[in-house]
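A.B. asks: Dropping the structure in here first, questions after.
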Amino acid sequence: MNDPLVRFGVAMESSLLEQFDALVEARGGTRSEALRDLARAAVTRAQVEKGVEAVATLTLIYDHHVRDLTEKLTEVQHELGDAVRSTLHIHLDHDKCLEIVVMHGRSDVLQAQADRILAMKGVLHGALELFAHGGRRSPAHSHSHGSHPHSHAVILPPPAKRAPVKRARNKPGH
Ligand code: NI
């Protein structure tokens, strides 16, 4: 890997270091590995807020009896269009559905739409996992994407204003 490690000194309170070391011990590995993971997570979080190309999974558990919820969920997914790559739907029991939506697009847009969905009445549980789709190129990911070219960790321009979406009157999928 052509990305050499750099050593640097870190100062922190001894009580904090003690607690940190306990975490490091519990998860195994070294202080350095644990610090690198924390740094990576913080960098990713900052990138995601700015808007980078990202892949995401949105996991939802919702009550499909709640009025208009299924229609609203369908509507948001249609608004996202090509950004939705795949959806898995399982009818958990009489009331509850589990849905996993795999998305690919601009991180801040995906986050905003996920927040919209998670705030909907009838969505009982849910979480979005976002991964910046890029960052520093590593040898493991230096292959050509062939007919699927895309940039890595490019800060994207703000999204174009979406046209207001007309309320669909379609029947839900189930
Ligand atoms: Ni269902």
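A.B. asks: Across segment 121-134, what is the number of residues that are more than 15 Å from the ligand (Cβ to nearest atom) and surrounded by 13 or more Cβ atoms within 10 Å (Cβ to Cβ)?
C.D. replies: Of the residues in that region, 6 qualify.
A.B. asks: Considering only residues that are in a helix (DSSP H, G or I) and in contact with an Asp or Glu (Cβ under 8 Å, 6 or more places away or on another chain), look in segment 30-67 and name the one that is nearest to Leu5 (Cα to Cα).
C.D. replies: Once the filter is applied, the top-ranked residue is Arg31.
A.B. asks: I would also like to ask the following. In segment 89-106, what residues are more than 9 Å from the ligand (Cβ to nearest atom) and assigned to a strand (DSSP E or B)?
C.D. replies: Ile100, Val101, Val102, Met103, His104, Gly105, Arg106
A.B. asks: So in segment 46-68, with the set limited to residues that are closer than 19 Å to Lys121 by Cα and more than 11 Å from the ligand (Cβ to nearest atom), which one is surrounded by the most Cβ atoms within 10 Å (Cβ to Cβ)?
C.D. replies: Only one residue fits best here, namely Leu58.
A.B. asks: Exactly one of these conditions fails for Arg116: (1) in a strand (DSSP E or B); (2) within 16 Å of Ala56 (Cα to Cα). Give me its number.
C.D. replies: Failed condition: (1).
A.B. asks: Mind checking which residues of segment 1-44 are surrounded by fewer than 12 Cβ atoms within 10 Å (Cβ to Cβ) and of a type in the set (Lys, Arg)?
C.D. replies: Scanning segment 1-44 gives Arg7, Arg27.
A.B. asks: Return yes or no: is Leu73 within 12 Å of the ligand (Cβ to nearest atom) and assigned to a helix (DSSP H, G or I)? Lay out the reasoning, then the answer.
C.D. replies: Working: within 12 Å of the ligand (Cβ to nearest atom): yes; assigned to a helix (DSSP H, G or I): yes.
Here the answer is yes, as Leu73 does meet what is asked.
A.B. asks: Given (1) buried (at least 18 other Cβ atoms within 10 Å of the Cβ); (2) under 16 Å from Ala127 (Cβ atoms); (3) among the hydrophobic types (A, V, I, L, M, F, W, C), identify the lone condition not met by Val102.
C.D. replies: Of everything listed in (1) buried (at least 18 other Cβ atoms within 10 Å of the Cβ); (2) under 16 Å from Ala127 (Cβ atoms); (3) among the hydrophobic types (A, V, I, L, M, F, W, C), Val102 misses just condition (1).
FYI, it's all coordinate maths here, none of it is from the lab. Only a predicted model underlies this, so the values are computations on that prediction, with no experimental measurement involved. Here Cβ is always computed from backbone atoms with ideal geometry, including for glycine, and neighbour counts include all displayed protein chains.
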